[in-house]
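The values are calculated or read from the model by the stated rules, or taken from the named source; none is laboratory data. Source: prediction; values computed, not measured. We place every Cβ from the backbone using ideal geometry, glycine too, and count neighbours over all the protein chains shown. Surface areas here come from the heavy atoms of the whole protein model, side chains and all, with no ligands, DNA or RNA. Shrake-Rupley method; radii C 1.70, N 1.55, O 1.52, S 1.80 Å.
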Amino acid sequence: MSNQKEITKKDLKKIEDYLYEIPKTFRSDMRVPARVYTDEKMLDQIFRDRSLGQTVNVTTLPGIVKYSLAMPDVHEGYGFPIGGVAATNIAKGGVISPGGIGYDINCGIRLITSQINYDEIKPYLEEVMNQLYRDVPCGVGRGGELKLDFAELNKVLEEGVSWAVKKGYATKEDQEHTEHNGQMLEANPDNVSKRAKERGRGQLGSLGSGNHFLEVQRVAKIFDEEIAKVFGLYKDQVIVMIHCGSRGLGHQVCTDYIKTMMPALEKYKITLPDRELVCVPFSSAEGKKYFGAMAAAANYAWTNRQIILNTVRQSWERVLKGKVKDTGLKMVYDITHNIGKREKHIVDGKEMDLCVHRKGATRAFAPGRPEVPSDYQKVGQPVLIPGCMGTSSFILVGTEKAMETTWGSVCHGAGRAMSRSAAKRKVWGATLRQELEKKGIVIRCRSNAGLAEEAPIAYKNIDVVVNIVCKAGLAKKVAQMVPIGVVKG
Amino acid sequence: MKKYEILEHTADLEIKAYGKDLKELFCNIAEGMFYSISPKTVKAKMIKPQKREKISISSSDREALLVDWLNELLYLYNISRQIYIDFKISKLTDTELEAEVLGVTPEEEEVLIKAATYHGLKIEKKDEVWQATVVFDI
């Protein structure tokens with residue numbers, strides 16, 4: 001990092017409203033330019049950490065196509081920035097980088113609609129949140145209820161949500177409304193180490209910790225009635241949002257492959273400005289092996305969120321049966337925001353086979369793409385953007401412009417703006433809890449300190465982030481939600 | 001001399017550690033990592049160590065060895081749910097490490113560390129003090 005040139009505002013060229021570029025000439029090792037979707041004000045915030053330097057580092061990846069991208073929620077990560085997107089051309093030696101996908105492989109968001117409105121749940125909200133907090137395992141070191149043997153875990157890794165359907169944890173509709181149908185067929189459980197399996201076998205169905213959460217929300221605003229109807233959304237409806245990933249299994253897969261790929265850098269004559277960007281050609285033996293393991297971890301993560309949904313359904317039923325007219329919970333969609341995917345995109349008029357890295361970025365496919373579920377074909381893929389605790393979350397849909405310019409990708413959330421320790425110095429957890437409770441939000445979490453770390457002040461303004469991607473034409477707003485209950489690990 | 005300090009990082013955990021030699025540096029950064037996970041356990045050193053583990057690692061170079069050492073300890077912590085509070089490194093070269101570590105059952109765990117990363121990692125000697133900064137994904 002020390003050898004890297006400092007970036008100033010003068011190095012940025014405005015391409016169009018909300019889009020800026022650091023040209024290829026900025027640093028001699030850049031293969032393509034670096035681009036950032038932002039506005040003037042947010043740009044100041046982005047300059048406060050090293051995220052733009054990291055976006056520039058990504059441009060050095062062999063086989064990278066067009067540019068490395070940073071979304072408006074971009075913040076400093078390790079290797080790639082969080083909010084980073086990069087595609088490499090597989091046929092031309094394009095690489096896959098485990099650090100460009102992250103340790104929490106297939107961390108993602110699941111959105112579920114209830115069939116009741118806010119007034120109906122209000123008298124029972126505390127009871128519902130207590131039940132969810134009791135039933136859904138969360139926090140550091142807490143695993144799930146299921147303890148799988150290695151043979152059964154291998155089936156989860158290979159089959160993902162298809163396994164959950166067979167076992168009765170998922171409906172067919174749940175699966176159809178999951179990105180990639182909750183099963184990447186490239187998964188190879190044999191490529192996942194025993195260590196990763198040891199870490200993951202007792203954690204299925206658990207939230208974990210950090211910024212992971214389970215929220216009960218109320219639909220506060222509908223921007224597009226027609227699309228909202230297709231997704232089964234209406235104003236004042238109660239919905240549930242789940243945010244978590246592949247737990248220790250995914251973390252270990254990434255750790256294992258970063259270690260084994262290091263010696264391969266020399267073999268493929270790859271020079272990088274940051275070792276955390278370690279990568280190998282997608283088509284190489286090492287690349288294929290990692291992709292098989294990553295896909296298996298992704299299948300694990302989708303199954304993890306599915307098992308949590310199954311638990312949520314039981315808790316919901318237990319508290320609300322006989323009290324409200326309908327206790328059903330329907331899947332709207334499940335998206336991943338830490339993944340590498342093999343996708344076909346049009347590059348300069350020609351179809352190209354790409355490895356798209358989305359690190360803290362969400363797929364946002366336009367109407368008509370075959371990957372979009374059949375009942376959403378006409379409107380596009382739901383894009384789920386959680387806000388930070390106590391603020392709004394959004395549902396968007398992908399657009400054709402996103403397909404053309406960002407490999408069908410947008411932001412993944414508000415994006416942090418302040419370190420966890422700074423947040424704890426500025427905010428008292430107990431005061432924050434009181435403030436949120438005054439707003440009518442029921443909080444169930446392990447510690448007030450943990451709550452303070454995730455205080456809204458520590459994040460960028462989600463409304464601004466979402467407005468930038470929408471004004472840049474990458475997505476369209478469908479609905480806005482506000483939290484009424486939070487379970488945090 | 002400070003053993004380690006927790007630096008400001010927007011989203012993750014960044015620990016800078018010091019040592020009069022490399023062995024001490026490796027031990028101090030490991031202590032900083034476990035302190036971040038469970039400060040109460042690391043502060044209350046009087047708890048009788050409950051689990052002893054032997055570690056043997058080989059890596060391509062010194063920086064890789066440091067990352068592998070920390071990730072090895074994280075793996076052990078995740079499997080055994082032990083916070084390691086005492087580290088005895090018997091062998092340390094640029095590519096090999098052998099150690100014995102003592103773990104205790106944690107009092108309370110505060111932070112979930114996913115992994116130690118290579119991001120910006122450099123082990124260097126300044127004014128006779130060895131130092132390194134490691135970014136952890138949390």
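Dipole check for the protein assembly as shown: with +1 at the C-beta of Lys and Arg, -1 at the C-beta of Asp and Glu, and the Cα centre as origin, the magnitude is about 460 Debye.
Using a 1.4 Å probe and counting only protein heavy atoms, arrange B:36, B:56 so the residue with the most accessible area comes first.
Output order, biggest surface exposure first: B:56, B:36.
Measuring r between the beta carbons of residue B:57 and residue A:235 and using R0 = 45 Å, the FRET efficiency lands at 0.20.
P(r) tail for the protein assembly as shown: Cα pairs beyond 35 Å make up 35% of the total. Toward the positive end of the charge dipole of the protein assembly as shown, with +1 on the Cβ of Lys and Arg and -1 on the Cβ of Asp and Glu, the farthest Cα among A:258, A:352, A:86 is that of A:258.
Since only A:139, A:103, A:128 are under comparison, the one whose Cα sits farthest along the positive direction of the charge dipole of region A:91-213, derived from C-beta charges on Lys, Arg, Asp and Glu, is A:103.
Using only the Cα atoms, what convex hull volume per residue in Å³ does region A:1-135 have? Provide the component values of the computation, followed by the final result.
Values: hull volume 26.9 nm³, N = 135.
Spelled out: Cα convex hull of region A:1-135, divided by residues, is 199 Å³.
Legend: residue pairs A:66/A:194; A:24/A:194; A:5/A:477; A:259/B:88, Cα-Cα distance threshold 31 Å; pairs beyond threshold, A:66/A:194; A:24/A:194; A:5/A:477. Against the empirical curve 2.2 N^0.38 Å, the C-alpha radius of gyration of region B:4-137 lands at a ratio of 0.97. Projected label points at residue A:31 and residue A:321, each 7 Å from Cα along the beta carbon direction, are separated by 5.7 nanometres.
Placing B:60, A:315 in order of accessible area, with the largest value first and a 1.4 Å probe, yields B:60, A:315.
With the whole protein complex present, residue B:7 retains an accessible surface near 50 Å², based on a 1.4 Å probe. Accessible surface of residue B:68, taken over heavy atoms with a 1.4 Å probe and every protein chain present, rounds to 20 Å². The simple spin-label model puts a point 7 Å past each Cα toward its Cβ; for residue A:223 and residue A:130 those points are separated by 3.8 nm. The accessible-area ordering, largest first, of the residues A:457, A:64 stands as A:457, A:64, per a 1.4 angstrom probe. If you filter region A:1-40 for GluC sites (Glu not before Pro), then keep DSSP loop positions with at most 16 other Cβ within 10 Å, what is left? The qualifying sites are A:6. When only the Cβ of Lys, Arg, Asp and Glu is charged (+1, +1, -1, -1), the dipole of region A:412-470 relative to its Cα centre reaches about 220 debye. For region A:218-265, heavy-atom accessible area (probe 1.4 Å) falls by no less than 20 Å² from the chain alone to the full protein assembly at A:251, A:255, A:259, A:262.
Run the numbers on region B:4-137 and let me know its relative contact order in percent, using alpha-carbon pairs under 8 Å that are six or more apart. Mind showing how you got there, number by number?
Numbers: 271 pairs, mean separation 42.2, N = 134.
Dividing the mean separation by the residue count of region B:4-137 yields 32 percent.
Could you list the residues of region B:73-112 with an amide nitrogen less than 11 Å from a label point located 7 Å from the Cα of residue B:44 in the Cα-to-C-beta direction? Residues B:105-109 qualify, since their backbone N sits under 11 Å from the label point.
Our estimate of slack between residue B:20 and residue B:128, defined as 0.36 nm per intervening residue step minus the Cα-Cα distance, is 38.2 nm.
The distance from the alpha carbon centre of region A:106-180 to that of region A:266-308 is 25 Å, rounded to a whole number. Evaluated with a Cβ-only charge set (Lys, Arg +1; Asp, Glu -1), region B:4-137 carries a dipole of roughly 500 debye about its Cα centre, given to the nearest 20. When the protein assembly as shown is described by a simple charge dipole with +1 on each Lys and Arg Cβ and -1 on each Asp and Glu Cβ, the residue from A:26, A:112, A:421 located farthest towards its positive end is A:421. Among beta bridges identified by DSSP and lying wholly in the protein assembly as shown, the antiparallel ones come to about 95 percent.
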